[in-house]
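Derivation of every value follows stated rules applied to the coordinates shown; laboratory data play no part. All values reported here derive from a predicted model rather than from experimental measurement. Cβ sites come from the backbone with ideal geometry, for glycine too, and all protein chains shown count toward neighbours.
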Amino acid sequence: ASLFSAIEMAPRDPILGVTEAYNADQNPAKTNLGVGVYYDDNGKVPLLECVKKAEAELAAKLAPRTYLPIDGLATYDRAVQELVFGAGSAVVTEKRAITVQALGGTGALKLGADFLKHFSPAGTEVWISDPSWENHRALFEMAGFKVNAYPYYDPATRGVNFAGMLEALKTMKTGSVVLLHACCHNPTGADLTDDQWTQVIEVVTSRGLVPFLDMAYQGFGDGIAEDGQVVRRFAEAGGPLFVSNSFSKSFSLYGERVGALSIAAASAEEAARVLSQLKRVVRTNYSNPPIHGGQVVATALASPELRKLWEDELAEMRVRIREMRQLLVAKLKEKAPGHDFDFVIKQRGMFSYSGLTKAQVERLRNEFSIYAVDTGRICVAALNTKNIDVVVDAIAKVL
Ligand code: PLP
């Protein structure tokens, strides 16, 4: 037998599978709501003006492509840290936080997972929400962890099963890693309220759990500072804290792979030791991150003019998604009276657990060439003023 003869075919990625099926569909009226990408009202992935301008500045410099430091571009790391924790926050001014540039949010999660696997006591387990972004479980399992799920989504209320979540947090072993979505929960769109976060922070802190906040959608919920609030509150609570963030969506820089991992420690001295070890994780994986995406984001965040432009462009994306939620609900009220979709307006971020069943999703695909994820997750950011009527008519027919 050869090395490969016993290797089984890996399961297909459920979401990429949706896109493959969509691509193969010959119907010109097809619509893909299965994606995890923001599209503008013309159904295009935008190239932001702030990115174009930052790239023009960078191109004019004609700088050589040297290696970046292991932890990435210093100006980028500083800007990310201030964005994530707040410029004047104690963790930043006391130098208790460290930030390393990472290959998107996924890369940040993997750096954190590898670091935790190396430095947590044997037997440490990871908890993710039920459901969660489909890569969370696989990523932490690949890093060597046992991964459990805490209750999160409640199909009956189409909101959060908060009592179940809190109860689960109270039974986790001290030192367990708890992955939390800082805002815009993927896939459900259901977020905790401020008061619920207060309770979560209290339990996590008092029980010595290790919070790992994944923030892939900062700015898509209620605003950049508003969405970052949970991170700041956890940082103020004082325990160890991991934060992965991504600019894939907020700068529309998907393929450039720009994200970061930040860790808050108890002191500057502790933070320095953590950084030194985190750099070893980077060094032994890919040595140092790529230069372009980080430079674009650092340039845009450092220039008051470009930063304002970015904030405006991000607000435009946020507002458009909100409008699509409103429009979807209003049109469904008309076309499918008797079905309550008001929960869609309360959801935050790019996604909605629409409540559509697997059978209804199949009918949408087979009869109308409308592609959603089997769980009923739709990407609200893939709706636009041109396709919404087709989508609403089809949903009304399969309900
Ligand atoms: N975390 C969550 C919750 C996500 O939804 C995503 C992307 O869809 C990521 C992380 C990964 O982000 P990136 O594409 O920057 O790796």
Report summary line: In whole percent, the Cα-Cα distances of region 49-188 spread across 10 Å bins from 0 upward as 10, 28, 32, 21, 8, 2
Requested in this report: Would you mind ranking LYS61, LYS53, LYS173 by Cβ crowding within 10 Å, fewest neighbours first?
Outcome: LYS61, LYS173, LYS53
Report summary line: Phi angles of region 363-368, converted by Karplus (6.51 cos²θ - 1.76 cosθ + 1.60, θ = phi - 60°) into ³J(HN,Hα) in whole Hz with x for Gly and Pro, give 5, 4, 6, 6, 9, 10
Query - For region 1-96, Kirkwood radius (reciprocal of mean inverse C-alpha pair distance, Å) - result: 19.3
**Report entry** Longest to shortest principal axis, alpha-carbon extents of region 94-175, angstrom
**Finding:** 41, 33, 28
Query raised in the report: Equivalent-ellipsoid semi-axes (√(5λ), Cα gyration tensor) for region 235-293, whole Å, largest first?
Result: 24, 17, 7
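Around LYS53, with a cut-off of 15 angstrom between Cβ atoms, what is the net charge of the other residues, counting Lys and Arg +1 and Asp and Glu -1? Please report the intermediate quantities before stating the final value.
Numbers: positive: LYS52, LYS61, ARG307, LYS308; negative: GLU49, GLU55, GLU57, GLU305, GLU311, ASP312, GLU313.
Net of charged neighbours comes to -3.
Which order do the peptides 255-261, 191-197 come out in when sorted by mean C-beta neighbours inside 10 angstrom, highest first? Show your work: numbers first, answer last.
Values: 255-261: 24.6, 191-197: 14.6.
Ranked by mean Cβ neighbours within 10 Å, highest first: 255-261, 191-197.
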Report summary line: Placing one equal point scatterer on each C-alpha of region 142-201 and summing with Debye, one gets log10 I(q)/I(0) at q = 0.25, 0.26, 0.28 Å⁻¹ equal to -1.23, -1.29, -1.40
Query - Karplus-derived HN-Hα couplings along region 66-75 (A = 6.51, B = -1.76, C = 1.60, θ = phi - 60°), whole Hz, x at Gly and Pro - result: 6, 5, 7, x, 3, 8, x, 6, 4, 5
Requested in this report: Would you please state the base-10 log of I(q)/I(0) at q = 0.12 1/Å for region 53-133, with intensities from the Debye formula using one equal scatterer on every alpha carbon?
Outcome: -0.55
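Hey, what number do you get for the chain at 222 nm if only DSSP H runs of n ≥ 4 count, each worth -39500 (n - 2.57), divided across all residues, to the nearest 500? Let's see the in-between values first.
On the way: 15 runs with 189 residues, N = 399.
Roughly -15000 deg cm²/dmol at 222 nm, from the helical runs in the chain.
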Requested in this report: Could you list which residues have their amide H under 5 Å from that of LEU241, counting only those 5 or more apart in sequence or on another chain, with H placed in the peptide plane?
Outcome: ALA264
Report summary line: the chain: relative contact order from alpha carbon pairs under 8 Å, six or more residues apart, as a whole percent, is 26
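Quick one: what do you get for the chain if you divide its Cα Rg by 2.2 N^0.38 Å? Walk me through the numbers before you get to the answer.
Working: Rg = 21.4 Å, N = 399, 2.2 N^0.38 = 21.4 Å.
With N residues counted in the chain, Rg over 2.2 N^0.38 Å equals 1.00.
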Query - Built amide H within the under 5 Å cut-off of TYR153, gap 5+ - result: ASP130, ASN161
**Report entry** Scaled radius of gyration (Cα, divided by 2.2 N^0.38 Å) that region 298-399 gives
**Finding:** 1.27
Report summary line: Here the net charge surrounding VAL373, from other residues whose Cβ is less than 14 Å away from its Cβ (Lys, Arg +1; Asp, Glu -1), is -1
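Please compute the volume of the convex hull spanned by the alpha-carbon atoms of region 191-336 and report it per residue in Å³. Mind dumping the intermediate values first?
Working: hull volume 23.4 nm³, N = 146.
Convex hull of Cα atoms, per residue: 160 Å³.
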Query raised in the report: If you find the alpha carbon centre of region 23-87 and of region 197-259, how far apart are they in angstrom?
Result: 19
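For region 168-256, calculate the relative contact order in percent as a whole number, restricting contacts to Cα pairs under 8 Å that are 6 or more residues apart. Don't skip to the answer; put the middle values down first.
Working: 116 pairs, mean separation 28.2, N = 89.
Computed over region 168-256, the figure is 32 percent.
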Requested in this report: Can you check what the Kirkwood hydrodynamic radius comes to for region 283-351, Cα pairs only, in Å to one decimal?
Outcome: 15.4
Report summary line: Which residues qualify? For LEU103, with a placed amide H closer than 5 Å and at least 5 residues away or on another chain, they are ALA108
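Which of rounded, prolate or oblate describes region 126-239 when judged by the alpha-carbon gyration tensor and an a/c cut-off of 1.5? Don't skip to the answer; put the middle values down first.
Values: a/c = 1.26, a/b = 1.12, b/c = 1.12.
Rounded, since a/c falls under 1.5.
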